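Colleague: This is the structure I want to talk about, given as structure tokens.
The values are calculated or read from the model by the stated rules, or taken from the named source; none is laboratory data. Keep in mind that this is a model prediction, so the values were computed, not measured. Don't worry about glycine lacking a Cβ; one is built from the backbone with ideal geometry, like all the others, and counts go over all protein chains shown. When the accessible area is computed, the model is the full protein with side chains, heavy atoms only, and any ligands, DNA or RNA have been set aside. Shrake-Rupley method; radii C 1.70, N 1.55, O 1.52, S 1.80 Å.
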Amino acid sequence: DAGVIQSPRHEVTEMGQEVTLRCKPISGHNSLFWYRQTMMRGLELLIYFNNNVPIDDSGMPEDRFSAKMPNASFSTLKIQPSEPRDSAVYFCASSLRSQETQYFGPGTRLLVL
Amino acid sequence: QQPVQSPQAVILREGEDAVINCSSSKALYSVHWYRQKHGEAPVFLMILLKGGEQKGHEKISASFNEKKQQSSLYLTASQLSYSGTYFCGTEGGGGSEKLVFGKGTKLTVNP
């Protein structure tokens with residue numbers, strides 16, 4: 001299996017622009033997680049889905065962030081408008097079931113200028 | 001609530017042992033351990049479920065004390081490849097289903 005696939009791997013954008021991060025989970029996995037990692041706050045869960053349905057989005061920082069999972073093989077995390085404080089590494093992870101081993105994608109390094 | 005890891009950083013010589021601790025103020029259903037190398041994604045090491053079990057993975061093992069709400073990761077005869085940041089992720093009971101990660105322990109193994 002190819003593992004969790006994320007794109008883009010790097011993104012540099014200007015404040016106010018819309019940013020869309022993409023994730024393809026491992027085939028057959030029913031749970032998908034979006035994390036954000038910064039030096040200050042560590043690894044934070046933003047939102048997770050079970051069977052394409054958002055279960056917990058309490059970690060989404062504010063309305064500028066939104067996530068969708070239109071089908072079992074694709075999810076997006078959108079930031080609109082982006083701000084410099086959104087600069088971080090965003091990881092997508094998937095697991096067979098929500099309480100099992102999570103497999104992380106390579107991450108998207110986002111820099112908002 | 002974010003679990004607390006200690007120490008924040010540790011430096012070892014190859015062949016030495018280390019212990020990394022993870023404590024929570026809330027009752028735990030499970031503890032997950034991950035290792036992340038610089039510039040890479042976290043990689044799963046092991047899961048411990050409540051019941052106080054101990055698990056092993058090569059020369060890396062872990063214990064979970066449900067009563068004390070803490071877990072410890074033991075690295076024995078460390079190798080250079082063990083260098084990285086170790087994270088514990090804790091899952092509470094009641095079907096919360098999500099992991100809350102500690103801030104990590106940076107382990108450096110020198111020759």
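Colleague: Defining a contact as two alpha carbons under 8 Å apart and six or more residues distant in sequence, what relative contact order in percent does chain A show?
Modeller: Taking the mean separation of contacting Cα pairs over the length of chain A, I get 37 percent.
Colleague: Using the Karplus curve 6.51 cos²θ - 1.76 cosθ + 1.60 with θ = phi - 60°, what ³J(HN,Hα) values do you get for each residue of the stretch B:20-29, in whole Hz, with x for Gly and Pro?
Modeller: Listing the rounded values in order: 10, 10, 9, 10, 10, 8, 10, 4, 10, 9 Hz.
Colleague: Continuing with this model, one more query. Expressed as a whole percentage, what fraction of the accessible surface of chain A belongs to carbon and sulfur atoms when a 1.4 Å probe is rolled over the protein heavy atoms?
Modeller: After summing per-atom areas, the C and S share lands at 51 percent.
Colleague: Select from the stretch B:1-92 those trypsin sites (Lys or Arg not before Pro) which occupy a DSSP coil region and have at most 10 other Cβ atoms within 10 Å, ordered by residue number.
Modeller: B:K67
Colleague: Please give, to one decimal in nm, the separation of the simple spin-label points placed at A:M15 and B:R13, each 7 Å out from Cα toward the Cβ.
Modeller: Roughly 5.1 nm, to one decimal.
Colleague: Please give me, ordered by residue number, the trypsin sites (Lys or Arg not before Pro) of the stretch A:46-92 that lie in loop per DSSP and have at most 15 other Cβ atoms within 10 Å.
Modeller: Counting only loop positions with at most 15 other Cβ atoms within 10 Å, the trypsin sites (Lys or Arg not before Pro) in the stretch A:46-92 are A:R64.
Colleague: A follow-up question, please. A:T38 to B:V43: FRET efficiency via 1/(1 + (r/R0)^6), r the Cβ-Cβ distance, R0 30 Å, to the nearest 0.05?
Modeller: So the FRET efficiency works out to roughly 0.95.
Colleague: Tell me the label-point distance for the pair A:L111, A:R22, using the 7 Å Cα-to-Cβ offset, in nm and rounded to one decimal.
Modeller: With each label point 7 Å from Cα toward Cβ, the separation is 2.3 nm.
Colleague: On to the next question. Return a single number: how many Lys pairs in the protein assembly as shown, at a sequence separation of 8 or more or on separate chains, have alpha-carbon atoms below 16 angstrom apart.
Modeller: 12
Colleague: Modelling each spin label as a point 7 Å along the Cα-to-Cβ direction, I'd like the B:N65/A:N71 distance in nm, to one decimal.
Modeller: Going by the 7 Å Cα→Cβ label model, 5.1 nm.
Colleague: For the stretch A:1-77, which GluC sites (Glu not before Pro) are in a loop by DSSP, counting at most 12 other Cβ atoms within 10 Å?
Modeller: Passing sites in the stretch A:1-77 are A:E14, A:E18, A:E62.
Colleague: So what's the net charge close to A:E14: Lys and Arg +1, Asp and Glu -1, counting the other residues with Cβ under 13 Å from its Cβ?
Modeller: That works out to -4.
Colleague: Only Cα pairs under 8 Å and at least 6 apart count here; give the relative contact order of chain B as a rounded whole percent.
Modeller: 37
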